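Trainee: Could you have a look at this structure, given as structure tokens, before my questions?
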Amino acid sequence: MAKCMPWIAFPAQKYGRVRLEAKSGPLRWPAVELFFSADAQVYAVEAATGRGCWTQQLGGRIYSTAYAAEKQIYVGCGDGKVYSLDASSGKILWSTATGNGIDSSPAVVGHTIVIGSEDFYVYAMDATTGAVRWKYETGLGIASSPAVLGDLAVVGSKEGDLYALDIPTGQLRWKTRASDVITSPPVFGERVVCIQSGGTAAFDITTGNQVWRAGLGGAIQSVPVLAGDVIYVASLNGEVYALE
């Protein structure tokens, strides 16, 4: 198996495969792509040639989207663990167990990882060691990924509530009813956080009070995408909506 090149830090993508950029030599974007699959394997592939760099076996299916920061990759797994992998070799640096499978994708703020689990808890973990700094219990399992703004993490639970948590302490800042079930990650706009579940709703970042709600023309399963001041979302009726 070919050896991957060293890495520089880069902003992680929220969705889809993860891309890594080479630290030395002529820079190519992307230099390496990572693929995470339901067969519990992580694959690192050289983007220009398709040549494999490394593979790593984890303990369960991988539906979580990875986050790459510095030289480490963080990902949740169906075996209920959060894994940290060395980006250049795929070596498991640490793993931390939760009480059930993980579909939520991690958010990384400084040296803290925030992620949800199907065991009803939101976890904050030390990014270097995996030690649990705090956990906060919600009403049902968590498939939604956290959205982070400054020291605030907002995440939805399957019971339909939206939780705003203080990242340093894990204290609840506010909780609000958003819908019947929340599985999509929230997105931040100016002074609001928006969530998608059968329609799109916006809540005040400071208080959690609802600012507006848009009932769209069909069932919504897509994740909202924020571009500038506009939120784009696709409906199962074949329409794409732009909301200011």
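Trainee: Which of the residues that make up the range 148-163 are closer than 15 Å to Gly116 by Cα, of a type in the set (A, V, I, L, M, F, W, C) and surrounded by fewer than 23 Cβ atoms within 10 Å (Cβ to Cβ)?
Mentor: As a first pass, look at the range 148-163 and keep what is closer than 15 Å to Gly116 by Cα: 148, 152-163.
Pick out the ones that are also of a type in the set (A, V, I, L, M, F, W, C) and you get 148, 152-155, 162.
Across the range 148-163, the qualifying residues are Val148, Leu152.
Trainee: Does at least one position in the range 111-126 carry a residue that is buried (at least 23 other Cβ atoms within 10 Å of the Cβ) and farther than 22 Å from Ala69 by Cβ?
Mentor: No, because not a single residue in the range 111-126 is buried (at least 23 other Cβ atoms within 10 Å of the Cβ) and farther than 22 Å from Ala69 by Cβ.
Trainee: Shifting gears a bit: Write out, first by first residue and then by second, each pair whose Cβ atoms fall under 6 Å of each other, whose residues are 6+ apart or on separate chains, and whose first residue, in the range 167-188, is hydroxyl-bearing (Ser, Thr, Tyr) while the second is surrounded by 19 or more Cβ atoms within 10 Å (Cβ to Cβ) and at pLDDT below 85.
Mentor: From residues that are hydroxyl-bearing (Ser, Thr, Tyr), the pairs are Ser179/Ser197; Ser184/Gln196.
Trainee: May I ask you to verify whether Val193 is within 23 Å of Val225 (Cβ to Cβ) and open to solvent by less than 40 Å² (accessible area, probe 1.4 Å)? Steps first, please.
Mentor: Details: within 23 Å of Val225 (Cβ to Cβ): yes; open to solvent by less than 40 Å² (accessible area, probe 1.4 Å): yes.
Yes: the conditions hold for Val193.
Trainee: Among (1) part of a loop (DSSP other than H, G, I, E, B); (2) open to solvent by less than 10 Å² (accessible area, probe 1.4 Å); (3) in contact with a Cys (Cβ under 9 Å, 6 or more places away or on another chain), where does Gly130 come up short?
Mentor: The failed condition is (3).
Trainee: Same structure again: Return a yes/no flag: does the range 91-102 have any residue that is in contact (Cβ under 8 Å) with a residue 12 or more places away in the chain, assigned to a strand (DSSP E or B) and aromatic (Phe, Trp, Tyr). Even if it seems obvious, please write down each step before you answer.
Mentor: Initial filter on the range 91-102 (in contact (Cβ under 8 Å) with a residue 12 or more places away in the chain): 91-102.
Now drop any that are not assigned to a strand (DSSP E or B), which leaves 92-97.
When the remaining residues are screened for being aromatic (Phe, Trp, Tyr), the result is 94.
Within the range 91-102 (the criterion being in contact (Cβ under 8 Å) with a residue 12 or more places away in the chain, assigned to a strand (DSSP E or B) and aromatic (Phe, Trp, Tyr)), the answer is yes, since at least one residue qualifies.
The values are calculated or read from the model by the stated rules, or taken from the named source; none is laboratory data. Only a predicted model underlies this, so the values are computations on that prediction, with no experimental measurement involved. All Cβ positions, glycine included, derive from the backbone under ideal geometry; neighbour counts span all protein chains shown. In case anyone asks, the SASA skips ligands and DNA or RNA and just uses the protein heavy atoms, side chains included. Shrake-Rupley method; radii C 1.70, N 1.55, O 1.52, S 1.80 Å.
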